[in-house]
Amino acid sequence: KTASTSSEGSFGDSKNSSEVANGGDQVPEESTHRNKRKDPPNRNEKRRNDQENRGVEESKRLNLTMNISSKNVSKDGKAAIMDLSKRESQPAPFFGYVDHSLDEDPDPLSPLSPPLRTPSFPAKMHAILFRKDLAHMIEWMPHGRSWRITDPAEFEEKVIPLYFEHHTIASFHRQANGWGFCRMNKDQDRGSYYHECFLRGMPFLCKQMKRLGTAKKLLTGNKQPILSEISALRSVPDDVPQNS
């Protein structure tokens, strides 16, 4: 009887200790193990998230959004950046290039640059390209839709200080990029710069040009226009004097 009582007392003490450790409430062992197991992930939600992520990536690939948002594009930049998908849908030789060779000056009396203000970069470029004495340093391409510097060292030494506030060819190229000029990288036009609103003999078009900044340069997609073939279809006039 004494042994039995001792055994019961030991069992009771063990039970009471377990209850105290659990705050007085005994938790079933099976419930404890069930709480330790992690809930399985919601497969439908995971699949839906994967589909959304793939959709975003596909949209970026097809539309070439280039992370341009309404927050980081100025009002002028929005007006200059066209729908790239529509531009690229044009067949060769345009590949998104918008031709302005048939445009007319809506206000012939207005100067290229406002009075008492420094001429814009495009206006200066028209003046430089019109000078025959500088033709050995910078020239129009034969089709009249892009220009190329043929002697960078002499151009940097004699022309840049005369027309611009900076004094290096690198700064000149950055300024050209900031005004939306694109560098050609293939065929006979390699190394030349073009802008849809910068055509030989049509300086009034540069009144439509805006400084976009280097990061907001006009998008033209992966394919570049074949400017010589475009001019074969729609030629541009010879250079004419302009009053800036």
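The values are calculated or read from the model by the stated rules, or taken from the named source; none is laboratory data. Please read all numbers here as calculations on a predicted model, not as lab measurements. Note: ideal-geometry Cβ built from the backbone for every residue, glycine included; neighbour counts use all protein chains shown. Accessible surface is based on the protein model in full, side chains and every heavy atom, while ligands, DNA and RNA are left aside. Shrake-Rupley method; radii C 1.70, N 1.55, O 1.52, S 1.80 Å.
The residues of the range 113-236 expose, per residue, 48 Å² of accessible area to a 1.4 Å probe. Electrostatic bookkeeping for THR118 treats Lys and Arg as +1 and Asp and Glu as -1; over the other residues with beta carbon under 14 Å from its beta carbon, the sum is +2. Annotation: extensible slack from ASP151 through LYS186 equals 10.6 nm (criterion: 0.36 nm per residue apart, minus Cα-Cα distance). Protection proxy ranking, highest mean first, for peptides 122-128, 160-166: 122-128, 160-166, where packing is the per-residue count of other beta-carbon atoms within 10 Å, averaged.
FRET efficiency for the pair ALA232 and HIS166, taken as 1/(1 + (r/R0)^6) with r the Cβ-Cβ distance and R0 = 45 Å, rounds to 0.75. The modelled label-to-label distance for the pair GLU139/ARG211, using points 7 Å beyond Cα in the direction of Cβ, is 3.1 nm. Under a 5 Å amide H cut-off, with hydrogens placed 1.01 Å from N, SER146 pairs with MET141 among residues at least 5 apart or on other chains. When you restrict to C-alpha pairs under 8 Å that are six or more residues apart and normalise by the size of the range 102-211, the relative contact order lands at 27 percent. Highest mean packing first, where packing is the average number of other Cβ atoms within 10 Å per residue, the peptides 146-152, 133-139, 232-238 line up as 146-152, 133-139, 232-238.
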